[in-house]
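The values are calculated or read from the model by the stated rules, or taken from the named source; none is laboratory data. Predicted, not measured: the structure shown is a model, and the values here were computed from it. Methodologically, a virtual Cβ is constructed for each residue, glycine included, from the backbone with ideal geometry; neighbour enumeration extends over all protein chains shown.
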Amino acid sequence: MNFRIKVSRKVVGVQLDEQRSRKVSSAPEPSYVEKVEPNEKNKKEKVRDYSMLLARIKELEDQLVEAGEMYFKAGYEEGVKVGRYEVRKEIESLREQLQKNIASLKEQFDKIIGSLEEPLAAFAMKVAEKVIHQEVGERGKEIVRKKLEILLKKLTDQAKILIRLNPDIVRNFEDMKGVSAIPIQKISIIEDENLAPGDCVVETDRYIIEGTIKRELENIEAELSKGGK
């Protein structure tokens, strides 16, 4: 008879399975807290890192704003300095140009005045001559009287005096009353047709004094010429 023993193998197999099961089941199962704790820790670390990152970003932003304001202020001040320099430079340029324009205008004015000196002098002489002749025509005797009063006061020490007058007014001075305190014996009056009604010429042994319109005009012309120089 052939017998097969299968029970022992089976039992062994069962035992092995049970041992294997015990070995597996002998390791303590991780608790729920142990499984979750690493994830929570990571989350907290991430939150902390994120908060630190935000704080750092805010700090950098503040520094950037501060730096921007500082450089803006520096740039503004530099711009003001440059602007002031440019304004001063422009003002100086305008001042120089103005001085050149003034010098040019003065030069032109002097040239114009110089070119007008002779015509103006001639015109002034004509006006003066016209005025004098008109004055002499209206007040010839009075003018001669005034001239003689002035001239004879300076000649009181002269022994002999000769007076030349226009024939039309000689008769008004024959006695020289009210004209001079010089004795009439020292004075001689003669007619001179070359003299205008307002002219007079006084001669002594030492002097010849002309109180004529011609002489007055010459004096005026000399003054005009002197003023133009």
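Some points to look at:
- Screening residue 130 with (1) modelled with pLDDT of 85 or more; (2) of a type in the set (D, E, K, R); (3) out of contact with any strand residue (DSSP E or B) (no Cβ under 6 Å at 6 or more places or on another chain) gives one miss only, at (1).
- A Cβ distance below 7 Å, combined with a sequence gap of six or more or placement on separate chains, defines the contacts here; from segment 179-190, residues that are farther than 17 Å from residue 144 by Cα and assigned to a helix (DSSP H, G or I) reach residues that are aliphatic (A, V, I, L, M) and at pLDDT 80 or above in the pairs 186/159; 186/161.
- Selection from segment 138-164 of residues that are touching a helix residue (DSSP H, G or I) at 6+ places or on another chain (Cβ under 8 Å), surrounded by 16 or more Cβ atoms within 10 Å (Cβ to Cβ) and within 14 Å of residue 208 (Cα to Cα): 148, 158, 161, 163
- Matching residues, segment 191-213, being farther than 20 Å from residue 153 by Cα and either modelled with pLDDT of 75 or more or over 60 Å from the mean Cα position of the chain (by Cα) (or both): 191, 192, 193, 194, 195, 196, 197
- Test result for residue 171, over 60 Å from the mean Cα position of the chain (by Cα), at pLDDT 70 or above, farther than 15 Å from residue 215 by Cβ and of a type in the set (Lys, Arg): yes
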